[in-house]
Each structure stands twice: as structure tokens, then as C-alpha cells.
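The values are calculated or read from the model by the stated rules, or taken from the named source; none is laboratory data. Remember, it's a predicted structure, so these values are computed and weren't measured experimentally. FYI the Cβ positions are ideal-geometry reconstructions off the backbone, even for glycines, and counts take in every protein chain you see. Only protein heavy atoms, including side chains, enter the accessible area calculation; ligands, DNA and RNA are left aside. Shrake-Rupley method; radii C 1.70, N 1.55, O 1.52, S 1.80 Å.
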Amino acid sequence: MNTPLLRSALVASTLMSCQPLPAQTAFPALIPGTAAVRSTLGDASSEKKLEALLQKMTLDEKVGQLVQYSAGQPTGPGTGRTDYDDMIRKGEVGALFNITTAHNINAYQRIAVEQSRLHIPLLFGLDVIHGFRTEFPIPLGLASSWDPELIEQTARVAAREASASGIRWTFSPMVDIARDARWGRITEGSGEDPYLGAAMARAYVRGYQGARLEAIDSIAACAKHYVGYGAAEGGRDYNAVELSEHTLRQFYLPPFHAAVDAGTATLMSAFNSLNGVPASANPFTLKQILRKEWGFQGLVDSDYTAVAELVAHGVANDGSTAARKAFLAGVDMDMVSSLYHENLASLVRSGEVPEAALDEAVRRVLRVKFALGLFEHPYTDETREAAAMLQPESLSLARTAAEQSFVLLKNASFRGGPSILPLSSETRTIALVGPLADDPYDMPGSSSAQGRPEDVLTLRMALTQRVGAERVLYAKGTDILGGSEEQLAEALKAAEQSDVVILALGENAPEMSGEAASRAHLDLPGRQQQLLEKIVTTGKPVVLLLFSGRPLTLPWAFDHVPAVLAAWFPGVQAGPALVRTIFGEANPSGKLVVSWPRSVGQEPLYYNALSTGRPAGEIDLTHPPRSSDEKYTSRYIDEQNTPQFPFGYGLSYTEYRYGNLQMDKTQLSAKALNDELHGGVRTAGKVMTISAEITNTGTRAGTDTVQLYVRLRGTSVAQPVRALRGFQRIALAPGETRKVTFALGAEAFAFWNDQNSFSVEPARVTLWVSPDSSRGSEAAIQITK
């Protein structure tokens, strides 16, 4: 490790503040600082109270603060314990989760506050991933909006609803970089890019925690899963991870660093091993990077039984060793496994764990509880609970979020006519077909907290309300898995009698999406492909709506279906949002945050890859190699290298033209840029600007996300062929032109070099202002010594 701690601290000062940003802001590159978390946790008054309390605690009571159990519906293997009441009275439990009502939470809290010796309140948590009762689109869909302000607003609603039920801690946001669509938990994150992922991480933390954690409607955020979980080998959940330190720092750590900078109160260690060391027993990531380099003052929680799983990983042969290794590596709280409860006190008595280290972990737990105001206000006002749920403005936001999450992947003409979408309001008869057309259970997606099927407005409900039941011919067609010939025949009959067919196909949730839902095949499950092909053969125009927690490999559909919309799992307002989009009342503006594969054999697939010594370049890869020049390159012999759709891609009902690219500089000095990064020399965060003019050339108003990419050549470490360094969402009326300007700081050109130092080096730089990662207007600058 060659990066001086002082350098990291100085680099840290360059990131943006934690204030909410408008949707049209260009986000700076990620070099997070630590001031925000220090201001969130540990003010002088609470620290004094904390120390006084710590002095009164027995060894067993200290250990108790580091013990956490699931007292509600388990989400994995557990300990079988049910004696929570007695343990709480003895001060042997610090936190509970999976309890979902204010009444039940208050009942447990009264035992802790009124019947335990020191009256220390419990901390109650839950997986509030993309909404509590008001379920928003899955995080992968929310990120497809490219709108951090929107995500902050959805997290704020989730915080208000969850806190009204007594939950003051969410195990969210998941900020893992995910480059492999086979991994089921890709659904819970913000995709493959660290810059965009960092912007979303900050937004979630701001939304959950609000202006101050002590407010009754704020909840503590928990950035997870630290770290590298999204790089699980084979895309298989819980699997091992191998990452170089450079790749770890350049791509996988930035969103976590952003969450720390935004003030996240807690962080969760991951299930996976990282380069042979389990993430929940890894002092390099948990102490060196998180504590020493970033200055994180908050609480580190293990994932569900991750401490006990050190035995299965093979780094511990018994529970005592597992507890010791996890604790000394930097895991403060043991989720569910009970190994801290059973072993930590004896480890302290034997001298294997210093009591000073135990005291520091207890401080971190108590610090979060003081910051949340639990000592002053331990109970939840049960009269607030019902009124906080499903507020009209929350449902309106859910519909807006769903509309902005949709990504229009294809919108071709049908038999020489105009583009098939949006549908005319005068369309007479619509066949609505597919297992997800009227499915209130899957629309919220996986990890749906307290979302209920009765809260969901399905596509069938909304379409019938929009055009009338007499104009909608509904047929399920098949089940997601299974199905019958009778269902298929009914669907074909409906299609033949219609003017247009809307097909609602995809996965179900959570069985095929989310945790423990990795897939080796990414096509349509069950008989849905057969249904799709039969419907297309009727000769009717088809609109395909894809519901999924990941990209699906559907080359036949993209070749034969004129209109395809990625709807993800859109939440409680799925139906109204889809109907408004289908009929053009809402114009799609979503952009992919993952590269969409042509086949599963391309995975892992991501845009910000390195070049090779033998890049395919301009070779036509649509056919097998026909010469040695075509063969001996980095390619497949039976598939293209390129994705079906690139990162950043998304169509609209209008068209945009990019032009007039301008820069205010063509040369920069590496020394001056490094002075800014490391020496405290500031230029108001700007060393150069680049701009382009964007014109709406169509006939409809629309919103486009303008993206800025950078490539560096001639550096000590090979850099990606493109790397996102800015984005802006802009709304344009028909015919309107707007100049979009990106102000770049030194961090836009910095990277982790061959000495593990975050620095700028002399380089030849290419910049693109573009609508996605595969094209755009191009310019070049030189970074000199």
C-alpha cells in the first residue's frame, strides 16, 4: 500500500457537498471526503453522554450492544433463538430487525428502556430498499432515470413511512458495482458505472437521513455490501471475488466512498471473499481504507450470518475464531449469527480481543443511537403510522419515478408506417397479453418491504380505465413458468381480433430477481418465448413490455418486434405509468445503466472496459472470421463483441441532435492538476469547460440525458476506452436548442496509477459529449508534465 494517508485526506476534500442537487447538475468526479459523516455523528454533547454511559457498562452489556437478531420474518438461515425478551432485559441485544409495526417495535423498546439496567434503547432496522409501503421502481430502474434528485425524493418518502412504523435504520442503499447480469442482486443497485453509482449513493443517503438524523422522520442509511460483492465469479450469489487493488479502488470502492462522504451512518460488510479474504474479516478494507483513509466514524454491521460463514469460507474452524477474526478486522455488529453473544466476552477476558477495541465498537453503536435521538425519543407515536402510508403525493412521485425509469429500447415502424409508439388514443381494440399484464404481486419487485399487492395498480387495471373494458381483450397467454395450450390459444384469438397487441413478459420477483436469484440463462423463462413468436406470426403490430430485474437476452424479439420497452419492476403505480407512456402522455427518458447483452456468453459485459493489444477495431464481427486478420483479435467467433444496447442508451418519442462541441482549453498541466488534488490549490472545482448544443429536432417535448465521457492514453496504467465524467438531464421543447456545459475539475483526469496513488499523469485525452457510451461528438486535449 503506497498511498500516503495524508494524500488521501487531501484528495478527499475535492468532492461536492451533501446538499441536494437539481436534476440538471453535472456531477463532479468521485473523490469523496469525510467531513459530512463527522458532522452527522458524534457531536460534543452526545459524546460526553456516551462516555459516561460506557463507563457504567459491564463487559456483557458492552457485548450486547454489538448483537443483532431478526425478531420477525427471517430472510435466511438463523440461530433459532426466541428468547429476545429476556436477552433485552439483560442488556444482551443492541438491535433487532424484520419487525414492521410501531406497536410491536414499541413493545420491544419498552423492555429495553424500562426493564434493562442501563435503559439503552434498541435500534430497529429493515430492508427498505426502494420504498416501504409506497413501493417505487426497483433501484436498477430508479437509476435508469439518471436523476439523483428524484432518487433522493423517493428515499425521503421511504424514510417517512418506515420511521412512522418505528424503523430507524434501513439496510440500503446497495451500491455494489454490477457488471454481470447473471447476478440476481443487480436489481438492487445502480448498474455498472462508479461515477453514476456514486451520484446515486449520495442521493439515497441524503434522502434517508434528511437534514439531521435526530428528526423523527429520518432513518440511518447503510451502504452495502462492502466490498466487491457485485463481482462474484460466474454471477453466482455469495461466490468468491478476485479483484486487483487497482480495480477495487478505481471501480468498486467509489460508490461506497461517496456514501461515506454523504454521511451514511452505517455500512454493511459483504458475504463474499475478496482475493481469498472474506469481506467480513478483511482489515485492509474495513480498517485501512474505511477507517484510516476515509475517516468513517459510523457503525459497520455484518451481513446476515456473515460472521458465522467465516467457518464455511475456511478461515475459521469454530465460532470463537470466526467472532475474533470478524471483530478484529473491523465488524462492529454481528447480524443474527450470535457468535459475538456467545464468544466475545470470553475473548476479551482471555486477552485475545483488547477491551479498548470492544469499547470503540460500542461507541460506534451508541453514537448512531444518540444521533437518531433514540435516547430522548425511544418510542414511536403509533397514531402516525397509518396516516404516513401511501400519501397522494407519494403515489404521484411513484408514478413519476416509474415513467422516468422506463427505457425505450426499440421503436420502429410497422409495415412502413410511423413508429408504433406512442399508440393513438383512437386505437380501437387492444389485445393485452402476458403473465405480467395483470400481476400485482410482481410489480413491486424483490425486497418490497411492506408493499402489498392490493396497493398496486396493474397494467390491465389502468388500461381498462383509460380506454374502457370493451376495447381491451385480455389473455394471460401463459404463466411465467408453466402454462397450457388453452392459455396460448386464448391469447392468439385475442391478438387476431385486435388492432395492436401489448405483450407483458419477463421474470417474476423475487424468485428470479434479487438475492439468491442468479440465473445461468437470461432468456424468457417458461413458455413465454413460444407465446411471443406465436403472437408475432399473427401479423399484428406488437409492443413488448419487459418486466425484469436485469437485462434479458432476447435477440429474436429485438429482430422481430417493432417496439420494446424495458419496464423493470415499476412499483405500485406500474399501470398508470405504463399507460401514460404507451399513449404518449409521458415521453420515455430513461437510459440504461447496464450494458444489455446479446447472449449470456458475453457476461460480464460493461462499457468501461480496457482495450487489448489486439482490439477488434473496425472488423465486421457479424460473421465468423474469414481471415487471420479477422480471427486473431479479441473477439468471439460466434457472437459480436458489442452489446445489444450500450450503457447510457435509451430512445425517446422525439429526436435529438448534438453539435457545436467547444472547449475553453486544449492543454492542461499534470503538475497543476496534482497541486489542486493534493496540495489544496483550488480553482473553484473547474480547470476547463466543454460544451455542446443539443437540439430537439422532433415534434414532441422531451428530456434527454447528455453524457460526458473521457479516455486517457499514455498513462502508467491502462485506462478504460471510455469513462463517464458527467451527465445532465435537460428538457427541450420541439425545435429548442440548449447549450450544455460541463465544468471539469482535476479529478476528472485523475486515476489510481501504478503506485496506488490517485493522481493525474501526462496523457492524451479524448472527450465525448454524447447520448450514450457508444457515440457522440469528440474532442481532444493534451495533459503535459
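Results for (1) acidic (Asp, Glu); (2) in contact (Cβ under 8 Å) with a residue 24 or more places away in the chain; (3) over 30 Å from Ala609 (Cβ atoms); (4) surrounded by fewer than 24 Cβ atoms within 10 Å (Cβ to Cβ), shown as yes or no for each residue.
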position: Arg110; (1), (2), (3), (4): no, yes, yes, yes
position: Leu122; (1), (2), (3), (4): no, yes, yes, no
position: Pro137; (1), (2), (3), (4): no, yes, no, no
position: Ala143; (1), (2), (3), (4): no, yes, no, no
position: Ile151; (1), (2), (3), (4): no, yes, no, no
position: Glu192; (1), (2), (3), (4): yes, yes, no, no
position: Arg206; (1), (2), (3), (4): no, yes, yes, no
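Based on this model, can you work out whether Ser346 counts as free of Cβ contacts under 8 Å to residues at least 12 places away in the same chain and of a type in the set (Gly, Ala, Ser)? Answer is no for this residue.
When the range 82-97 is filtered for residues that are in a loop (DSSP other than H, G, I, E, B), of a type in the set (Val, Ile, Thr) and open to solvent by less than 70 Å² (accessible area, probe 1.4 Å), only Val93 remains. In summary, Glu470 fulfils each of the numbered conditions (1) acidic (Asp, Glu); (2) part of a loop (DSSP other than H, G, I, E, B); (3) farther than 20 Å from Arg527 by Cβ with the single exception of condition (2). Among the residues of the range 128-135, is there at least one that is touching a residue at least 60 places away in the same chain (Cβ under 8 Å), in contact with a strand residue (DSSP E or B) (Cβ under 8 Å, 6 or more places away or on another chain), open to solvent by 10 Å² or more (accessible area, probe 1.4 Å) and of a type outside the set (Gly, Ala, Ser)? Scanning the range 128-135 turns up no residue that is touching a residue at least 60 places away in the same chain (Cβ under 8 Å), in contact with a strand residue (DSSP E or B) (Cβ under 8 Å, 6 or more places away or on another chain), open to solvent by 10 Å² or more (accessible area, probe 1.4 Å) and of a type outside the set (Gly, Ala, Ser). Residues that are small (Gly, Ala, Ser), surrounded by 23 or more Cβ atoms within 10 Å (Cβ to Cβ) and assigned to a helix (DSSP H, G or I) do not occur anywhere in the range 504-513.
Could you check the range 98-214 for helices (runs of 4 or more DSSP H) lying wholly inside it with 1 or more residues that are in contact with a Gly (Cβ under 9 Å, 6 or more places away or on another chain) and charged (D, E, K, R)? Hits in the range 98-214: 148-164, 194-209. What is the one condition in (1) among the hydrophobic types (A, V, I, L, M, F, W, C); (2) within 30 Å of Thr247 (Cβ to Cβ); (3) open to solvent by less than 10 Å² (accessible area, probe 1.4 Å) that Ala231 does not satisfy? Just one mismatch for Ala231, condition (3). Hey, among the residues in the range 435-464 that are among the hydrophobic types (A, V, I, L, M, F, W, C) and outside any loop (DSSP other than H, G, I, E, B), which one's most open to solvent (accessible area, probe 1.4 Å)? Looking at the filtered set, the residue picked out is Met461. Taken together, the residues in the range 130-159 that are hydroxyl-bearing (Ser, Thr, Tyr) and over 18 Å from Pro392 (Cβ atoms) amount to 2.
Within the range 230-247, the set of residues being closer than 19 Å to Thr305 by Cα and in contact with a strand residue (DSSP E or B) (Cβ under 7 Å, 6 or more places away or on another chain) comprises Ala232, Ala240, Val241.
A residue that is closer than 20 Å to Lys224 by Cα and either modelled with pLDDT under 95 or out of contact with any Pro (no Cβ under 8 Å at 6 or more places or on another chain) (or both) can be found somewhere in the range 115-124. The combined condition, being in contact with a strand residue (DSSP E or B) (Cβ under 7 Å, 6 or more places away or on another chain), within 30 Å of Leu366 (Cα to Cα), modelled with pLDDT of 95 or more and polar (S, T, N, Q), is not fulfilled by Ser218. The residue of the range 386-417 that is farthest from Leu578 (Cα to Cα), among those that are more than 21 Å from the chain's Cα centre (by Cα) and of a type in the set (D, E, K, R), is Arg415.
The combined condition, being among the charged types (D, E, K, R) and over 21 Å from Ser144 (Cβ atoms), is not fulfilled by Asp704. Checked against the criterion of being among the charged types (D, E, K, R), touching a residue at least 40 places away in the same chain (Cβ under 8 Å) and on the phi < 0 side of the Ramachandran plot, the candidates Arg626, Arg657, Arg635 yield just one match: Arg657. Looking across the range 411-434, the residues that are part of a strand (DSSP E or B) and surrounded by 21 or more Cβ atoms within 10 Å (Cβ to Cβ) come down to Ile430, Ala431, Leu432, Val433. Check the range 309-329 and report whether any residue there is touching a strand residue (DSSP E or B) at 6+ places or on another chain (Cβ under 8 Å), open to solvent by 30 Å² or more (accessible area, probe 1.4 Å), in contact (Cβ under 8 Å) with a residue 24 or more places away in the chain and in a helix (DSSP H, G or I). Yes, the range 309-329 contains at least one residue that is touching a strand residue (DSSP E or B) at 6+ places or on another chain (Cβ under 8 Å), open to solvent by 30 Å² or more (accessible area, probe 1.4 Å), in contact (Cβ under 8 Å) with a residue 24 or more places away in the chain and in a helix (DSSP H, G or I). Taking the range 683-746 and the strands (runs of 3 or more DSSP E) fully enclosed by it, the elements with 2 or more residues that are over 22 Å from Ser757 (Cβ atoms) and open to solvent by 60 Å² or more (accessible area, probe 1.4 Å) are at 737-744.
Conditions (1) open to solvent by 10 Å² or more (accessible area, probe 1.4 Å); (2) among the aliphatic types (A, V, I, L, M), marked per residue:
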position	(1), (2)
Leu544	no, yes
Thr553	yes, no
Ala566	no, yes
Pro570	no, no
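For the range 465-474, the condition of being surrounded by 22 or more Cβ atoms within 10 Å (Cβ to Cβ), of a type outside the set (Ser, Thr, Tyr) and touching a strand residue (DSSP E or B) at 6+ places or on another chain (Cβ under 8 Å) holds for none of the residues. When the test is whether a residue is β-branched (Val, Ile, Thr) and within 25 Å of Tyr208 (Cα to Cα), Thr58 does not pass it. Every listed requirement among (1) crowded, with 19+ Cβ neighbours inside 10 Å; (2) in contact with a helix residue (DSSP H, G or I) (Cβ under 8 Å, 6 or more places away or on another chain); (3) farther than 15 Å from Ala95 by Cα is met by Asp359 save one, (1). In the range 67-75, the count of residues that are under 30 Å from the mean Cα position of the chain (by Cα), open to solvent by less than 20 Å² (accessible area, probe 1.4 Å) and farther than 28 Å from Arg185 by Cα is zero. From the list Glu382, Glu393, Glu403, Glu360, the lone residue that is closer than 20 Å to Gly210 by Cα and either in a strand (DSSP E or B) or of a type outside the set (Ser, Thr, Tyr) (or both) is Glu393. Looking only at the range 605-627, decide whether some residue is open to solvent by less than 20 Å² (accessible area, probe 1.4 Å), of a type in the set (Gly, Ala, Ser), more than 23 Å from the chain's Cα centre (by Cα) and under 30 Å from Val456 (Cα atoms). No, that holds for no residue. Of all residues in the range 263-287, those that are under 16 Å from Phe171 (Cβ atoms) have Cβ atoms under 7 Å from Cβ atoms of residues that are open to solvent by 20 Å² or more (accessible area, probe 1.4 Å) and assigned to a helix (DSSP H, G or I), 6 or more apart or on another chain, in Ala265/Thr40; Phe271/Glu309. You will find that of Val593, Val600, the residue that is open to solvent by 40 Å² or more (accessible area, probe 1.4 Å), in contact with a Ser or Thr (Cβ under 7 Å, 6 or more places away or on another chain) and hydrophobic (A, V, I, L, M, F, W, C) is Val600 and no other.
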